[in-house]
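Notes for the one structure printed next.
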Amino acid sequence: MEIRTNNPLPLMRLLISFIVACAVFVGVFSFAYSVSYLNYQQTVYYNHVINSSLNELRILSSNNSCEYEAFVEASSLLDVIAGRISLLEERLGKTDSRVLEQKRYYSEMQLEHLNMVNKYNNRCGTGFKVLLFFYSNSPLYESASDRTGYILEVFKGKYPSKVMIYSFDIDLKYEPIELLKQQHSITTVPVVITGTGEKIRVFNIGDLKGSEPSE
Amino acid sequence: MDIYSFLVYALCFIGLFLVSFYSLGMLKHYKKTIRGPRTDLKVSIIIPAYNEEKSIERTMRSVAALEYPANNLEIIVVDDGSKDNTYSIAKRVAGEIRKKGNSPKIIVITKTNGGKGSALNLGISKSQSEIVVTMDADTFTRPDSLKKMMGYFYSPDVMSVTPTIGIHEPKSIWQRIQHVEYYVSTYLRKSFAIINAIHITPGAFAAYRREFFNKYGGFDVGNITEDIEVALRVQYNHFIIENTPSAVVYTIAPRTFRQFLTQRKRWYTGYVHNLWKYKKLFSKEYGAMGMIVLPAALTTLVMALVLTVYSLIKSISQIRDGLVLLQSTGFEFGGWMEINQFVLMQFLYKFFSQPIFIFTAMFIFFLCMYLVFSRKTMKYNEGVMINLVLFLALYSLVYTTFWLISLMYVAIGRKAKWR
């Protein structure tokens, strides 16, 4: 009964376990970062796809065409890019230089699409309902901006081929956006500029009643 | 990185470390630890019973059917002053078993109610065998379980041997959750045995050398978790507790939430009190148990409690915000729910770019591996998928709730009850 057993600590096993845990831990983070980077690469690739789409629109515009499907398709692609950029902001950070670069390029493509849509509306009579959405990611305005952005997303989802929504981050240091801000006298966000130039605050979907497209 | 994320990833790292540590031990030593059965040891099975008229017959018959030489086996049923027909049923069943011939010696005694510990001690005092097995009156065994367990008394150092406990026919949500929990315990108990770190001998069924009680005293009568206390006492005195994964016994899990809560309050408050009593176990002297297993158990418990409570509060807040958003759109989704290639890609990117989701998937995978091991060891063939889903959905909430209530009981010095 006086036998006693020793319980030596298995040091080698502890060390190997620690190394394995570190390796897996770092591996998971590396993998997650790689996926974010892949998303970034895909976003860059989609920019080329949208450029091709915009090329097509430029040709249609120069031919004074009233064919609208190409505008809708380009708008859908822009929405995809917006989703990807949103995810990049979450994963890489809102101030990451690559994210900011993509946002500027995205804004440039939006502005070109907006110009062509305005010309289309003037040329073809009936057209798209255009909404400009100015937002900010700064802590003071982020929550309200997210809410308005969500409502606009649902609104666009209801009328995907009749409504065009263009979103601009007022904190993005990009001259065309600064000019747009001055043009519409944007002093606070979030704010939506309707087709008639009216400035509205959108906190529920009913606030967009006047912007619904006609049947 | 905020404090919440830091705690989450710290817990993930600790989890990875522990999984690696236990798995390496299993991979290296599992096959070496398998022992053959033996039937030469004299065994007394003590069954304390209080108001168990519904299950005592099945328990006694399962023990009588054990594949163990009748002349080396003794059954002692101790009725702890039951208010129902437990005693009369036990006496009837004992008579029937004796009539069959070639049956083990069977004794049925009654005493005034004094708790499980006192009933066990009375049973031990009546036994003459070198091995004492304690068994709950709602437990029943497979015929080969006892002889398999006896094979693990391979050294005088081994003072106790534990089997695998399975839940019999889980039906309610709570039983199904415990069903998976017990599967996980099967793997963990064996991996603890490999490093001599078992610190709970299940009251449902466990074997001890009688000489331990002779020298260190019987079960602690005032203790509501006498099974935890005796296990810690064995470890405290530097003996070995072994585990026989292929020796399976079944128990009935609490069916209702109230019964579940009552059981776990008793277990968890008892665990805390007994760990405090044997706090010297948290030292290098006790090897991996003192330096890794027990500290890790407490650390991960505290972190898990904090994170679960925080996550719950955060989830409620997010659900509230989500409802406000939905209300702002008149509960319309527009094309939001449209599934297409881009939405799927977005979902995949979102999932795989977030380390916490990858870790979650990884731990679910480990859990499934534990289930595969346990089911293979126990030779269990019934379905487990729905139980696994319920376990994943509810266990952390249930576990946190029970622990918070138990810690409150400990803090205010309130005693948990048996029923």
Pairs with Cβ under 6 Å, 6+ apart, first in the stretch A:131-160 and among the charged types (D, E, K, R), second open to solvent by 30 Å² or more (accessible area, probe 1.4 Å): A:Lys158/B:Gly334
Some residue of the stretch B:13-34 being over 25 Å from B:Ala193 (Cβ atoms) and more than 23 Å from the chain's Cα centre (by Cα): yes
Residue in the stretch B:356-375 that is touching a strand residue (DSSP E or B) at 6+ places or on another chain (Cβ under 9 Å) and more than 9 Å from chain A (Cβ to nearest Cβ) present: yes
Matching residues, the stretch B:244-289, being in contact with a Phe, Trp or Tyr (Cβ under 7 Å, 6 or more places away or on another chain) and among the aromatic types (Phe, Trp, Tyr): B:Tyr250, B:Phe257, B:Phe260, B:Tyr268, B:Tyr278
Residue tally, condition at pLDDT 75 or above and open to solvent by 90 Å² or more (accessible area, probe 1.4 Å), over the stretch B:317-349: 8
Inter-residue pairs, beta-carbon under 8 Å, first within 17 Å of B:Ser5 (Cα to Cα) and more than 7 Å from chain B (Cβ to nearest Cβ) and in the stretch A:20-36, second small (Gly, Ala, Ser) and crowded, with 17+ Cβ neighbours inside 10 Å, 6+ apart: A:Tyr33/B:Ser353
Residue pairs meeting the criteria (Cβ under 8 Å; at least 6 apart or on separate chains; first assigned to a helix (DSSP H, G or I), in the stretch A:47-72; second loosely packed, with under 13 Cβ neighbours inside 10 Å): A:Leu60/A:Glu67
Contacts under 8 angstrom Cβ, first residue in the stretch B:274-289 being more than 14 Å from chain A (Cβ to nearest Cβ), partner among the charged types (D, E, K, R) and in a helix (DSSP H, G or I), 6 or more apart: B:Asn274/B:Glu229; B:Lys277/B:Glu229; B:Tyr278/B:Arg233
The stretch B:61-105, subset touching a Lys or Arg at 6+ places or on another chain (Cβ under 6 Å) and part of a strand (DSSP E or B), residue farthest from B:Leu146 (Cα to Cα): B:Ile76
Complete set of residues in the stretch B:362-402 that are out of contact with any helix residue (DSSP H, G or I) (no Cβ under 6 Å at 6 or more places or on another chain), closer than 25 Å to B:Tyr22 by Cα and open to solvent by less than 50 Å² (accessible area, probe 1.4 Å): B:Met362, B:Leu367, B:Cys368, B:Thr377, B:Met378, B:Tyr380, B:Val384
Residue ID - modelled with the lowest pLDDT, chosen from residues in the stretch B:25-49 that are open to solvent by 50 Å² or more (accessible area, probe 1.4 Å) and of a type in the set (A, V, I, L, M): B:Ile34
Helices (runs of 4 or more DSSP H) wholly inside the stretch B:121-240 containing at least 1 residues that are open to solvent by 30 Å² or more (accessible area, probe 1.4 Å) and more than 19 Å from B:Ala297 (Cα to Cα): B:145-150, B:173-194, B:210-216
Any hit, the stretch B:302-322, residues being out of contact with any His (no Cβ under 6 Å at 6 or more places or on another chain), within 14 Å of chain A (Cβ to nearest Cβ) and under 14 Å from B:Ile14 (Cα atoms): no
Check on B:Ser44, farther than 30 Å from B:Phe365 by Cα and in a loop (DSSP other than H, G, I, E, B): no
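The values are calculated or read from the model by the stated rules, or taken from the named source; none is laboratory data. Since we're looking at a predicted model, the values are computed, not measured. Using ideal geometry, Cβ is built from the backbone for each residue, glycine included, and neighbour counts are taken over all protein chains shown. Remember, those area values only see protein heavy atoms, side chains included, never the ligands or the DNA or RNA. Shrake-Rupley method; radii C 1.70, N 1.55, O 1.52, S 1.80 Å.
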